Every structure is written in C-alpha cells, then in structure tokens.
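One structure is given here, and the rest of the page talks about it.
The values are calculated or read from the model by the stated rules, or taken from the named source; none is laboratory data. Computed from a predicted structure; not experimentally measured. With ideal geometry, Cβ positions are generated from the backbone for all residues, glycine too; neighbour counts draw on all protein chains shown. Areas reflect the complete protein model, heavy atoms only, side chains present, ligands, DNA and RNA absent. Shrake-Rupley method; radii C 1.70, N 1.55, O 1.52, S 1.80 Å.
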Amino acid sequence: MGEQFVTLNNENLEREHICCAIADKKHQEGVSIKKAWLHEQMNDGHVFRKLDARGKVFIEYAPLEKAWVPMEGNNFFYIYCLWVAGSYKGKGDAKNLLESCIEDAKSQGKSGVCVLSSKKKKPFLSEKKFFVKHGFEVVDTVGDYELLAYSWDGNKPCFKDNAKCMEIENKELTIFYGKQCPYIPNCIKEIQAYCDKENIPLSLIPVDTLEKAQSMPCVFNNWAVFYNGKYLTNHLLNENLLKKLLNK
C-alpha cells in the first residue's frame, strides 16, 4: 500500500477519523463507541485501513476466529466492510484495499479471505459482483445471504448452524445490534422513541461479546431485525424505514 493509505492503531486511533460518520453530529456518540470497540479488537488482529483523506474509503477485517459473526473456518480473514463512496468511486481504491487485505492474509499464512454478501444487492452489505470479479466464490448460503470466499489452499469457511435458524421465539419487534457501526446508536434512539410513541412492543438486544455474536440465531454482521419471530432484514433502520417495514 502506498503512503495515501493509513492503517489505524492504538497510537493514531483517537486523532484519525473512521470514515463512516465524519461530520454528522448526531452520530458522534456512535463514533466514540466504535473507537472504543476498535481499541479492544486491535489486540486480536482487527484491521481498519483507510484512504488518507476526508472521505468514506476504507476496509475493515479481522481473523475469522475473532470476528463478531456467526461463521467458522480454518484460518481466514473476515471482511466486515469495504466501502468507497462519493467522488472516490472508480479510482481503484476498492481494488487496492482488497488487495492489501489479501496480501496481509497471505503474509500471515492464512487460507483465504471471506465476506458476507447477498444474491441481490442489499444496503450495508458488500456487493457480490465486485468480489466475484476478484476471485471470490459462493461457499455457503442462508436464504438470500451468501458467504463469499477467496481461498488459495482449498479450505472453505461456512455459516455456523445457529446462523441458519433465522427464527426466534419472541414475537415482538426484536433488534440485535453490535458496536461495529457508528450509525447504530442513533438508529436505536429513533426506533425506541417511535415504538414508545406508538405503543409498539420492542426488544433491543445488544450483542456485546464475541460469544454472543458467534451464537446469533441468524446471519449477522452488526444488525438483525426480527418480527413475529421471523428474520426481516440486516438494513439499519430509522423511524421512517421502520414505518415502511411494519406497514409491509
């Protein structure tokens, strides 16, 4: 990687932005929570690498054994997010960031790299077409969700059995949420306020340990919504999106 990219560490974490919510004041609580979470995860090999610019251009990945997702595999990196937005699109930064992750994996003797995607493009998930173009293939599926992997030794990761359930006993609107995304705290505030106003029963379940994340009863990257016991979406919700979802 050239000098235009910065890899965050515990020395520069506080002074560097983390791309997602650079200037939006309502998400600054989420930025603080995310940075505190990153500080802890870096000791387990978590990597956050970004363009040295004031833009949304970054990749975030971790050893699959330490990733907060209900997946398993022998010696893989898991990509939480690869995002290039706005005027930075089309300049090769996504390719460069992905290649840096692959090079990192090979230098550490990993078997490969994997990422959560979907059959059709979904918000807040990596786009399948981009990864397939760069050598990834579908290695496991749960409904519309797909686990993509690029393996160079034949090993393949998979969803854990618990992730394939996609149902819970609770019939209330139920949201499982993690600490990885700076947008989540404000989403929770909006949803809670709307449900209180409309007298909608709501269960908010923080996924605040590695064990909880790996034991999720559904596909999970940092957010999962259930209603009437059925999994609905990984889409982060605000008040308006929640109204539309419940109206369906």
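Odds and ends about this structure:
- Amide H contacts under 5 Å for Ser111: Phe76, restricted to partners 5 or more places along the chain or on a different chain, H placed in the peptide plane at 1.01 Å from N.
- Over the chain: Kirkwood hydrodynamic radius from C-alpha pairwise inverse distances, Å: 18.7
- Here the Kirkwood formula puts the hydrodynamic radius of the stretch 125-248 at 15.8 Å, using every distinct Cα pair.
- Approximate spin-label separation Lys212-Asn155, in nm, with each point projected 7 Å along Cα-to-Cβ: 2.9
- Accessible surface computed residue by residue for the stretch 107-182, with neighbouring protein chains in place and a 1.4 Å probe, gives 50 Å² per residue.
- Within straight-line cross-link reach of Lys35, lysines at Cα separation under 24 Å, skipping those fewer than 8 residues along the same chain: Lys25, Lys26, Lys50, Lys56, Lys66, Lys179, Lys189, Lys212
- Semi-axes of the equivalent ellipsoid for the stretch 141-197, Cα gyration tensor, largest first, Å: 32, 17, 8
- Ellipsoid semi-axes in whole angstrom, largest first, where each is sqrt(5λ) of the Cα gyration tensor of the stretch 175-248: 20, 14, 11
- Relative to one another, the C-alpha centroids of the stretch 152-196 and the stretch 78-133 are positioned 21 Å apart.
- Computed [θ] at 222 nm, deg cm²/dmol, the chain (DSSP H ≥ 4; -39,500 (n - 2.57); rounded to nearest 500): -7500 deg cm²/dmol
- Share of pairwise Cα separations in the stretch 71-166, more than 16 Å, in percent: 55
- Long hydrophobic helices in the chain: none of the complete DSSP H runs spans 15 Å or more by Cα along its own axis with mean Kyte-Doolittle hydropathy of at least 1.6.
- Equivalent ellipsoid semi-axes - Cα gyration tensor, the stretch 1-84, angstrom: 22, 15, 12
- For the stretch 1-143, the fraction of alpha-carbon pairs lying more than 28 Å apart is 16 percent, rounded to a whole number.
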